[in-house]
Amino acid sequence: MKKKTIIGITMGDPAGIGVEIILSMFNRRKSTANFLPLVFGSAAVFDATARHLAVPNPFHVLSDIKKLSRQSDTPCLLDLKNIVPSDFSPGEISPATGRASVEYVLQAIEAALQNKIDAVVTAPIHKEAIHLAGFSFAGHTELFAEKTGTRDFAMMLIGGPIRVILVTTHLALKEVPHTLTTEKIVKKIVLARQAMLDLGFHSPRIAVAALNPHAGEHGLFGEEEERVILPAVEQARKKGIHVTGPLPPDTVFHQAYHGRFHAVVSMYHDQGLIPLKMIAFEKGVNVTLGLPIIRTSVDHGTAFDIAGQGKADPASLEEAVAVAQQLISVRQAKEGTP
């Protein structure tokens, strides 16, 4: 019997919508015959949430990951027993939920590094809650990079046919021009190309967005294009990468949408995410590039305003699982793994 791939799914902040979307996804999913899900979370919280929402709880609970079998036909939950429903209230920020959410991620990273699971898919955590719990990192991406010893990494957001790699992320707009360097942009272009290869594109075409309107108009609207971005594009070309730019931001995403480019390297957060969320708000996926393990995530937050109400849409989680499966499949094909 062929062994299934195992996708680890972290529960996210217990006070958010993570538990709801995981339950919803597996209750409406016809089959997991092509992979085995392993949720890292709290069995008590899943039980309570399933009762509250009057939905089945489909998980087989494990106390030890060593008891997991790749031949299993039942979704599994590794119970960390680190929080119970009486420890928190849905929709409220607390250090207890922040600490629990980080523990799920740490356990999943360790399992992936030890090849016990083939990918990690993360439900949302809350930055303020994890800071209250004593953790200083900015979010999931930085935690994964630190724990895997990764220096060069990036966020890639996928929405429909658009794939965006961000040079800068959560940064005030006025700081972006001072933060951009040719070296940083080259690294993101290299990561973008590798990401497209990992997704199965054999000859990736990468676009680089300009920072200023009309790509600076030869210095009329800014000097970053000629001074910083164009040299990065030229250096990347010398590495054999098929890259074009800097291109005007108001047209490059239209071109990517219609297939001219496989990915767009964007200079700042909203430049890349506004067009992506316009076309795929419910189904966006976040992928961390540069890691030695596969990590995808939902492209939304904890949604505390609707937590516990059964309104949360699992579409982004379903897409994150699908992208993880695609990345696993391509990696196994390259490695010759059955």
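Each residue in the stretch 308-338 was checked for being within 26 Å of residue 270 (Cα to Cα) and either among the aromatic types (Phe, Trp, Tyr) or in a loop (DSSP other than H, G, I, E, B) (or both), and 3 of them qualify. In summary, strands (runs of 3 or more DSSP E) completely within the stretch 1-119 and bearing 3 or more residues that are crowded, with 18+ Cβ neighbours inside 10 Å occur at 5-10, 35-41, 76-79.
Is there a residue in the stretch 87-101 that is at pLDDT 95 or above and closer than 24 Å to residue 324 by Cα? The answer is yes, given that some residue of the stretch 87-101 is at pLDDT 95 or above and closer than 24 Å to residue 324 by Cα. Among the residues of the stretch 310-334, the one identified as of a type in the set (Lys, Arg) and either assigned by TED's automatic domain parsing to the domain that holds residue 160 or closer than 15 Å to residue 295 by Cα (or both) is 331.
The values are calculated or read from the model by the stated rules, or taken from the named source; none is laboratory data. Keep in mind the model is a prediction, meaning the values are calculated, not measured. Here Cβ is always computed from backbone atoms with ideal geometry, including for glycine, and neighbour counts include all displayed protein chains.
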